[in-house]
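Step one of this worksheet: look at the structure below.
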Amino acid sequence: MPQMTGSAVRVVDPVLTEVARGYRNPAYIGSALFPRVPVGVRGGRIIEFGKESFRLYNTARAPGSKVVIAQFGYSGQPYALEDHSISGMVPIEHLEEASQTPGIDMGSGAVQFARDIILLRQEYDQATIARNPASYAASNKVTLSGTSQWSDYSGTSDPIADIEDFIDVIRSKTGMRPNTLELGAPVFKAVKNHPKVIERIKYTGRESATPELLASLLGLQRVVVGDAIYTDADGNTQDVWGKDAVLAFTNTAPLSSMGVPSYGYTYGLRGYPLSEPAYYDGGHKSWLYPTSDSVSPVIAGADAGFLIVNAVA
């Protein structure tokens, strides 16, 4: 049997843990709506933000009078982190072949593969929460149909005008303009080629709108496109973000204090993700590289988001 190295006696492999923490898949954009916040325990209450955070207070104070007190954020619904673990498997035959080729690190590749699987599940969970109409007040969601859908080029639909209206809804509720627009892949395909969008950009020399150009048109910090797909139980591929769109103000500043009202967060256990030392499985004649994470995406300020259901047909 292959000999284990000294690192096998450790609970965590620090080198492979760095690989897991540094890995990013550009197709996954859920962190744009749900930036990660480290927490010390697997359960607690999320920090929510209500209208109190935007209330106009009378801060004038007479000598000797009490100072006005305003609570910024409050403990809301309980959260429970969900543990995710999977092992990337590398058959010894592959290791033997890789050893003959310079520059191939099968261990790091296995960790990245395992991390990608966990990240896809996280992306799916983030999209499920963001696309759930029950997460929003009636004023902060709309379902498009027929000629109002952005895939209808007959002349009645206007994605730019619609989004500008939705921006005003969030501003009227929170006092802040949203900074992020998420578009499902089919939605972006329809919007970037929409005649009214093309009319707006015709003097830029572009034939279709990029995410960066759309962000500039709308006065947003970023437009992100949900390209991730998954395979359902019947073996069919599905878009994680579907045919919906989400507009939000999300905290892009450092999140150590969770002190800024934000649409959403992903609570993650401090010290995670991590990789345990690889071990040999004689039954499969393979090395296994376990990778784990503990996370929970939550909507912290529903008033800071707006959901567009069935943005395209």
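The values are calculated or read from the model by the stated rules, or taken from the named source; none is laboratory data. Just so it is clear, the structure is predicted and the values come from calculations on it, not from any experiment. Please note: Cβ atoms are built from the backbone with ideal geometry, for glycine as well, and neighbour counts cover all protein chains shown. These accessible areas exclude ligands, DNA and RNA; they are computed on the full protein's heavy atoms, side chains included. Shrake-Rupley method; radii C 1.70, N 1.55, O 1.52, S 1.80 Å.
Rundown of residues vs (1) in contact with a His (Cβ under 6 Å, 6 or more places away or on another chain); (2) part of a loop (DSSP other than H, G, I, E, B); (3) over 30 Å from Gly44 (Cβ atoms), yes/no style:
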{"residue": "Glu207", "(1), (2), (3)": "no, yes, yes"}
{"residue": "Leu213", "(1), (2), (3)": "no, no, yes"}
{"residue": "Asn251", "(1), (2), (3)": "no, yes, no"}
{"residue": "Tyr267", "(1), (2), (3)": "no, no, no"}
{"residue": "Tyr289", "(1), (2), (3)": "no, no, yes"}
{"residue": "Val312", "(1), (2), (3)": "no, yes, yes"}
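Could you check, for the stretch 151-162, whether at least one of its residues is part of a loop (DSSP other than H, G, I, E, B), closer than 18 Å to Ala32 by Cβ and modelled with pLDDT of 95 or more? The answer is no, given that none of the residues of the stretch 151-162 is part of a loop (DSSP other than H, G, I, E, B), closer than 18 Å to Ala32 by Cβ and modelled with pLDDT of 95 or more. Given the criteria at pLDDT below 90, farther than 15 Å from Arg131 by Cβ and not basic (Lys, Arg), does Ala300 qualify? Answer is yes for this residue. Residue-level check: of (1) of a type outside the set (Asp, Glu); (2) at pLDDT 95 or above; (3) open to solvent by less than 40 Å² (accessible area, probe 1.4 Å), Ser275 misses just (2).
Exactly one residue among Glu207, Glu123, Glu199 is within 29 Å of Ala80 (Cβ to Cβ) and either among the acidic types (Asp, Glu) or at pLDDT 95 or above (or both), and that residue is Glu123. Considered as a group, the residues in the stretch 163-191 that are of a type in the set (Gly, Ala, Ser) and modelled with pLDDT under 95 include one that is surrounded by the fewest Cβ atoms within 10 Å (Cβ to Cβ), and that residue is Ser172. Inspect all residues belonging to the stretch 124-147 and state whether any of them is without any contact (Cβ under 8 Å) to a residue 12 or more places away in the chain, out of contact with any helix residue (DSSP H, G or I) (no Cβ under 6 Å at 6 or more places or on another chain) and open to solvent by less than 50 Å² (accessible area, probe 1.4 Å). Yes, that holds for at least one residue. Against the conditions (1) within 22 Å of Asp83 (Cβ to Cβ); (2) crowded, with 18+ Cβ neighbours inside 10 Å, Gly301 satisfies every one except (1). Scanning the stretch 291-310 for residues that are within 18 Å of the chain's Cα centre (by Cα) and part of a loop (DSSP other than H, G, I, E, B) gives Ala300, Gly301. Return yes or no: is Pro159 open to solvent by less than 70 Å² (accessible area, probe 1.4 Å), over 27 Å from Leu81 (Cα atoms) and either touching a residue at least 24 places away in the same chain (Cβ under 8 Å) or of a type in the set (Lys, Arg) (or both)? Criteria met by Pro159.
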